Amino acid sequence: MNADDPRMARVDCDIARLGYADGQTGIEIAEQWVVVHLDALLAVTAGRARNPQSFPGFGNGSTQETARRIIARLLDAGWRPPDTDCLNLPEGTR
């Protein structure tokens, strides 16, 4: 997506905007966010194994919470859920 694409109005994340402006694709930006959040989860998990009180502001450190954070970042980067009509298609037509 380039800067004059009308879909850029849906991009709330300044970091994603910079990525698009730098020529990155949405998939590349998504990969970066997933890696960042997984690296953070691994660091928090390792830190809490040594000291359960570490990283108090991170949340519970669950995989579900990390998945929600990743989805939030993707939405902020302009990604949108699929059209709900496609979710009701018979198997094999998706």
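The values are calculated or read from the model by the stated rules, or taken from the named source; none is laboratory data. What you see is a predicted model; the values in this text were computed from it and never measured. Because the Cβ atoms are built from the backbone with ideal geometry, glycine has one as well, and the counts that use them run over all protein chains shown. We work out accessible area using only protein heavy atoms, side chains counted, and drop any ligands, DNA or RNA first. Shrake-Rupley method; radii C 1.70, N 1.55, O 1.52, S 1.80 Å.
Points to keep in mind about this one:
- Pick from segment 30-83, criterion in a loop (DSSP other than H, G, I, E, B) and touching a Phe, Trp or Tyr at 6+ places or on another chain (Cβ under 9 Å), ranking: nearest to residue 8 (Cα to Cα): 78
- Residue list for segment 21-42, restricted to those being more than 30 Å from residue 6 (Cα to Cα) and free of Cβ contacts under 8 Å to residues at least 12 places away in the same chain: 39, 42
- Taken over segment 3-16, the residue count meeting the criterion of being touching a helix residue (DSSP H, G or I) at 6+ places or on another chain (Cβ under 7 Å) and without any contact (Cβ under 8 Å) to a residue 40 or more places away in the chain is 1.
- Within segment 1-12, tally of residues that are under 15 Å from residue 76 (Cβ atoms) and open to solvent by 90 Å² or more (accessible area, probe 1.4 Å): 3
- You will find that of 15, 70, 29, the residue that is open to solvent by 80 Å² or more (accessible area, probe 1.4 Å) and at pLDDT 85 or above is 15 and no other.
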